[in-house]
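J.: I have a structure here, written as structure tokens, and I will follow up with some questions on it.
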Amino acid sequence: MNKEIKGIIPPLLTPFTREGEVYEKGLRDLLEFLLPHINGLYPCGTYGSGPLMSIEQRKKVAEIIVDQVKGRIPVIIHVGSADTQSTIDLAKHAEKTGADAVGCIPPYYYKYSDEELLNHYRELINSVKIPVYLYINPKASGNPISPKLLSRIAEFGLAGVKDSAFDLINFCFYRMAVSKPDFNFIIGTEAIYLPAAQVGAIATISGLANVFPEVMQELYESIKKKEFEKAAKLQMRVLQIRQVIKKAGATVPICYSILKMRGVDAGMPKLPFLPISTDLEEKIREELSKFGLI
């Protein structure tokens, strides 16, 4: 990969029509809203509703994004699926489309041994020439990755890891387990971005950056300049905003509503997600207005 992985990388929301199809205009408009404030993109993951889409829809999203971005920032397409063959199919498509890298959660639903997970990633890494990132999210996959296993997978050419386990101690254990100098460590949440950056995270894949990318960019700039007192205050502000966005356990649908409040037509969430109620939307608007965000 020629483009540097750094800073603020939203796990890009996917706009859908009422019928559940990819809303192309909404996706292109959302990208243009985000691009001035971000350093990369991670589509088709949790926020992007990757597991809710068909293979064809995921390929369409990848094609639209690469076309719209036109090389301005790195694009890491999430290709994780329940089976190895679909994962490889999506990875090869992402490479052919022009993505800079792919990310992959462990295969989900079933419980797999370390040897099965190792083989899954070895097959994926060997199937493409672009970098492969391992996406750690044990709650979603049901298959945690130990530091020892990450180290073994890294030996097969893994480019880096996106760690969304919300465990700073284990993130440090990953760092200690993998000694490759060019291995990229990315924290998969803005909730602990500052401390993770201080122990070696080069970027955060931040859900909050889907709706308030400029807030996250300010935090990144303060970390980059080593203005840690300012960064600590900004990290606390990020956590306060997260509390609003995490209301009612409907994080993804809430993001669509907040974008609408900000004048961005990002369409609708995909079923079984439902749009949030008018009452909840108004409460969120009121709380965000207190932060001067709406």
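J.: Which of the residues belonging to the range 22-46 are touching a helix residue (DSSP H, G or I) at 6+ places or on another chain (Cβ under 6 Å), farther than 16 Å from residue 217 by Cβ and outside any helix (DSSP H, G or I)?
T.: Within the range 22-46, 22, 43, 44 meet the criteria.
J.: What are the residue pairs meeting all of these: first residue in the range 173-199, first residue touching a residue at least 40 places away in the same chain (Cβ under 8 Å) and over 23 Å from residue 10 (Cβ atoms), second residue open to solvent by less than 20 Å² (accessible area, probe 1.4 Å) and among the charged types (D, E, K, R), Cβ atoms under 8 Å, and 6 or more apart or on different chains?
T.: Final answer for the pair search is none.
J.: List the helices (runs of 4 or more DSSP H) inside the range 122-218, counting only whole elements, that have at least 1 residues being in contact with a helix residue (DSSP H, G or I) (Cβ under 7 Å, 6 or more places away or on another chain), open to solvent by less than 10 Å² (accessible area, probe 1.4 Å) and more than 23 Å from residue 243 (Cβ to Cβ). Explain how you work it out, then say what you get.
T.: Values: elements: 138-141, 147-154, 168-177, 193-198.
The qualifying helices (runs of 4 or more DSSP H) are 147-154, 168-177.
J.: Please specify each residue of the range 216-243 satisfying the condition of being within 15 Å of residue 290 (Cα to Cα) and touching a residue at least 12 places away in the same chain (Cβ under 8 Å).
T.: Answer for the range 216-243, where residues must be within 15 Å of residue 290 (Cα to Cα) and touching a residue at least 12 places away in the same chain (Cβ under 8 Å): 237, 238, 239, 240, 241, 242.
J.: Can you name the residue in the range 1-47 that is β-branched (Val, Ile, Thr) and buried (at least 19 other Cβ atoms within 10 Å of the Cβ) and is also nearest to residue 135 (Cα to Cα) among such residues? It would help to see each step written out before you state the result.
T.: Applying the first criterion (β-branched (Val, Ile, Thr)) to the range 1-47 yields 5, 8-9, 14, 17, 22, 38, 46.
From the residues that got through so far, the ones that are buried (at least 19 other Cβ atoms within 10 Å of the Cβ) too are 5, 8-9, 14, 22, 38, 46.
Details: 5: 15, 8: 16, 9: 14, 14: 19, 22: 24, 38: 20, 46: 11 Å.
So the residue we want is 46.
J.: Follow-up. Among (1) more than 20 Å from residue 34 (Cα to Cα); (2) surrounded by 13 or more Cβ atoms within 10 Å (Cβ to Cβ); (3) at pLDDT 95 or above, which single condition is residue 282 missing?
T.: Looking at each condition in turn, residue 282 falls short on (2).
J.: While we're here: Considering 220, 174, which residue is closer than 18 Å to residue 235 by Cα, out of contact with any Lys or Arg (no Cβ under 6 Å at 6 or more places or on another chain) and aromatic (Phe, Trp, Tyr)?
T.: 220
Table: residues versus (1) closer than 15 Å to residue 257 by Cα; (2) in contact with a Lys or Arg (Cβ under 9 Å, 6 or more places away or on another chain).
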{"position": "13", "(1), (2)": "yes, no"}
{"position": "28", "(1), (2)": "no, no"}
{"position": "31", "(1), (2)": "no, no"}
{"position": "35", "(1), (2)": "no, yes"}
{"position": "40", "(1), (2)": "no, yes"}
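J.: Within the range 75-87, can one find any residue that is in contact with a His (Cβ under 7 Å, 6 or more places away or on another chain) and in a helix (DSSP H, G or I)?
T.: So far as the range 75-87 goes, yes, one or more of its residues are in contact with a His (Cβ under 7 Å, 6 or more places away or on another chain) and in a helix (DSSP H, G or I).
J.: I've got another one for you. Filter the range 219-238 down to residues that are within 25 Å of residue 103 (Cβ to Cβ) and either surrounded by fewer than 20 Cβ atoms within 10 Å (Cβ to Cβ) or in contact with a helix residue (DSSP H, G or I) (Cβ under 7 Å, 6 or more places away or on another chain) (or both), then give me how many there are. Write out each step before concluding.
T.: Initially, the range 219-238 is screened for residues within 25 Å of residue 103 (Cβ to Cβ), giving 219-221, 223-224, 235, 238.
Subset that is either surrounded by fewer than 20 Cβ atoms within 10 Å (Cβ to Cβ) or in contact with a helix residue (DSSP H, G or I) (Cβ under 7 Å, 6 or more places away or on another chain) (or both): 219, 221, 223-224, 235, 238.
Looking only at that region, the number is 6.
J.: Considering only residues of the range 257-273 that are in a helix (DSSP H, G or I) and not aliphatic (A, V, I, L, M), which is most open to solvent (accessible area, probe 1.4 Å)? Don't jump to the end; show me each part of the working.
T.: Just the residues of the range 257-273 that are in a helix (DSSP H, G or I), to begin with: 257-261.
Still in the list and also not aliphatic (A, V, I, L, M): 257, 260.
Working: 257: 11, 260: 127 Å².
Among those residues, the one meeting the criterion is 260.
J.: Can you tell me which residues in the range 182-213 are acidic (Asp, Glu) and more than 17 Å from residue 239 (Cβ to Cβ)?
T.: Selection gives 182 alone.
J.: Does residue 245 fit the bill of being under 18 Å from the mean Cα position of the chain (by Cα), open to solvent by less than 40 Å² (accessible area, probe 1.4 Å) and within 13 Å of residue 211 (Cβ to Cβ)?
T.: So residue 245 fits the description; yes.
J.: Hey, another quick one. Against the condition open to solvent by less than 50 Å² (accessible area, probe 1.4 Å) and free of Cβ contacts under 8 Å to residues at least 12 places away in the same chain, how does residue 54 come out, does it pass?
T.: When the stated conditions are applied, residue 54 passes them.
J.: Just one of 284, 223, 254, 276 is assigned to a helix (DSSP H, G or I), among the β-branched types (Val, Ile, Thr) and closer than 24 Å to residue 22 by Cα; which is it?
T.: The match here is 254.
J.: Please determine whether any residue of the range 65-83 is buried (at least 23 other Cβ atoms within 10 Å of the Cβ) and touching a Gly at 6+ places or on another chain (Cβ under 6 Å). Full working, then the answer.
T.: Initial filter on the range 65-83 (buried (at least 23 other Cβ atoms within 10 Å of the Cβ)): 65, 75-80.
Then drop every residue that is not touching a Gly at 6+ places or on another chain (Cβ under 6 Å), which leaves 76, 78.
So far as the range 65-83 goes, yes, one or more of its residues are buried (at least 23 other Cβ atoms within 10 Å of the Cβ) and touching a Gly at 6+ places or on another chain (Cβ under 6 Å).
The values are calculated or read from the model by the stated rules, or taken from the named source; none is laboratory data. These figures come from a predicted structure and were not determined experimentally. Because the Cβ atoms are built from the backbone with ideal geometry, glycine has one as well, and the counts that use them run over all protein chains shown. The accessibility values were calculated without ligands, DNA or RNA, using every heavy atom of the protein model including side chains. Shrake-Rupley method; radii C 1.70, N 1.55, O 1.52, S 1.80 Å.
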